[in-house]
1. Can you tell me the FRET efficiency between Lys549 and Glu184 if r is taken as the Cβ-Cβ distance and R0 is 56 Å, rounded to the nearest 0.05?
2. Could you sort the peptides 83-95, 253-265 by per-residue average Cβ neighbour count (10 Å cutoff), highest mean leading?
3. Note down the nm distance, to one decimal, between modelled labels 7 Å out along Cα→Cβ at His480 and at Gln223.
4. Roughly how many nanometres apart are two label points built 7 Å out from the Cα toward the Cβ at Lys244 and Ile264?
5. Of Tyr207, Cys737, Cys784, which is farthest towards the positive pole of the chain's charge dipole, taken about the Cα centre with +1 and -1 on the beta-carbons of Lys, Arg and Asp, Glu respectively?
6. Please work out how much length the chain gains when fully extended from Arg501 to Ser312, using 0.36 nm per residue of separation minus the C-alpha to C-alpha distance, in nm with one decimal.
7. So what is the accessible area of the stretch 27-98 per residue, in Å², with the probe set to 1.4 Å?
8. Taking the highest mean first, how do the peptides 320-333, 437-450 order by number of other beta carbon atoms within 10 angstrom per residue?
Amino acid sequence: MKAIIMAGGQGTRLRPLTCNIPKPMIPIIEKPVMQYIIELLVKYNITEIGVTLQYLPDDVMNYFGNGSEYGVSLKYFIEETPLGTAGSVKSAEDFLDDTFIVISGDSLTDIDISKTVKFHKEKRAMATLMLKEVSMPLEYGVVVTDKTGKISGFIEKPSWGEVISDKVNTGIYIMEPEIFEYYEKNQKFDFSNDLFPILLKNDKPIYGHVAEGYWCDIGSIEQYINCNFDILKGLVNVNINGDKYREGIWVGENCELSSDANIIPPAYIGTNTIIYNDVEVGPFSIFGKNNIISPGATIKRSVIFNNCYIGSNAQVRGSVLCNKVQLESRASVYEDSAIGDDTLISEKAIIKPGVKVWPNKIIESSTVVKSNIIWGGKFLKSLFGKSGVSGEVNVDITPEFVSRLGSAYGSILKHGSRIVISSSDDGAAQMFKFSLATGLLSMGIEVYDLRIMTKGMARLALLFFGVDGGIHVVTEKENHQKINIIFMDKNGLNIEKPLERKIENCFIREDFRRVKSDAFKKITHFSDCIEYYSRQIISKISVSEISEKKFNLIISVKNEMIRSVIKGIMKELKINIKYYEDAKDLVGLSKEVQKSKANLGIYFSDEGESAILIDENGDILPDSMYENLKYLVFLKLTKAKTLVAPVTASSAVEDIAKKEGVSFIRTKSSQKTILDTYLKQEKTANKKELIDAYVTTLDGLNVVMLIIDLMAISNSSISKIISNMPQYYSIRKEIVCPWKMKGKVMRTLIESSPQNSMELIEGVRLNYENAWAIVLPDSDEPLCRVIIEGKSIDNVKNLTQCIIDRIYNIINETEEKIKKINGS
């Protein structure tokens, strides 16, 4: 049996560690990570190995040569340009003339290959994927299998709403040469995204086998450090170069260790390293070759590459130092920092936690480095949450951070792209808006400043200007220290996960393509956008019909800008309005509606994205009823032949579609997915008008005015309109679920539920007679959100308790198993 090692990775997320070496050559306990892969293959008598290379190929070939030193025969296949995982392996097609294994050269594993090979042959599979059960599957490709192991689907790097299993693709495959019949040479082609879906479509035998043993994809500096630590903990069955100095301490050849040095296990001291007196080497410290540790220095939970010098009384805490880094006397490097090759950190300089320093830098004496020295800010594992980029003002989110965020966004756009920016009316939001502008302008992006607006206003203004995207900054009204930065695409919708990841990766790498001064674009300030917003609302409604009704409304709204717009619109429509000032008091608002004999009471959210309605009888309508009305007015506005709703939408929306004689489609809850579905279905509709109509429904004031328009045209009260809608009862619950349990919970729900009663559009939707339930893992918190809806409130209550009990049972049973394992 032959093997192919994919070793072309650049390791961009590992920079600055991989600035000067390819990812497969990154050292773990004094050996390149790819060497562990070769040793694993030799263990299972696989010695004919091909290696695909692309980034810095000479580094790999010069180190491993023909492989004879390692008991193997190596043959190299070099890509001129990246061809994807399957494309790179295709270049070795002539070499791979029988069953072969594909394995990544930049992961650490001791997986039992022989068991998966045996499984592959028993199933007579064309391809078998080695799978691992992981607690946090977001950064991996999730694989869905049946009980026999046959694969039924893939989800690449899912959001929490898409997590339906905790089985992930390790990137290790057992394959037959027949796979090469399905694509051409020199074609950019990926296994997960391209080949495997084709094999599934053609009903070819493709299986997943849950492997035993350790596996870690080294995708981040944190994972890299943990791999080193895991070897010291004995969690990985690999050979460690060196002798045991004492229990838990390994020492390479020709080391000099002072008897006065305090070395606390576990630790690894690499070849030719010298440790002087009064040095403290804390637990989980790893040194490569030829390092010098001067008297009084302390190193704890850190990885030191080769040829580094640590000066007297210097400190290294929880960090990575690459090759030839020099720390002078009393210099300090703190947690989660990474220092690139050939960097000098001078006397008494301090590198604060989380800082990355690129290679060949000089940090002057007594300098305190609080941010990456290439560009300001701090390293974050994940920037985006449910509300865009969020954090505390001048704590998590600083002007420097935001400027860098703007640069990250600008660097992935085409030069000369146009972006709108807007903010709420407070000083913090406006400050951060202009910080974004600075970052965007430095990348050669033209900026339109819409000044102060709500999010809904900004979405519609973005469409009007026909720009490439937008950013809205808003301070939360209930917590003025919390800021949210929302990124929008060219259609005014929240950007999707892939674009979020691009921005995050660029933010972390800081590979910004700055422009020369003659390429700078300008920032243009607009002052009449609010008037445009008002006019577009008026243009969508029947002014004369509404004016004739002389409606009386009671309105509760805190946002002064929305209040100003409402005042102008209502005056033109001859609607009498009265403001109810206590925005939180819905009961009081209800009483005021009854007392004033108003036609409608309305409470607008702070940014005007949604509203709560109170009918003429003072009844507070549930949120689901507002949503139902939103879908109804959309149909009236567009004359669309399809109604698209997320999986969480009420069954009443489907009933509305039937009543209006249009088709109904459920889809994922992302705005872009919903709009794309509309555009795909409504092929004869005016695309621009359809986009505008959908974005209109994302703004509460627009929706409310369309509801008032519906009341006027139909000559009906709001209670009469909703009386024609079927009634459903719903319960929403938040179930505390540890992050590490979410994938397990979702997979167990799927495996224990009948396939014909289940939908996996987003989360897990379970359909019952006259009811349904959906379980969605939350993306920001350790929660699972549960929604249950049905025609009987008693049935809904019982079903809610049943689902909650199922989830807690899964969590409790899993925790008990973990306790038993740890106890043993």
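1. Efficiency, rounded to the nearest 0.05: 0.25.
2. Per-residue Cβ counts within 10 Å, averaged per peptide and sorted highest first, yield 83-95, 253-265.
3. 4.3
4. Taking the simple label geometry, Lys244 and Ile264 are separated by 2.2 nm.
5. Value computed over the given set: Cys784.
6. That works out to 63.9 nm of additional length.
7. Heavy-atom accessible area per residue stands at 42 Å².
8. On the way: 320-333: 23.7, 437-450: 22.1.
Sorting 320-333, 437-450 by mean packing, highest first, produces 320-333, 437-450.
The values are calculated or read from the model by the stated rules, or taken from the named source; none is laboratory data. Just so it is clear, the model here is predicted, and its values are computed rather than measured. A quick note on method: Cβ atoms are made from the backbone with ideal geometry, for glycine too, and the neighbour counts reach across all protein chains shown. Surface accessibility is based on the protein's heavy atoms, side chains included, excluding ligands, DNA and RNA. Shrake-Rupley method; radii C 1.70, N 1.55, O 1.52, S 1.80 Å.
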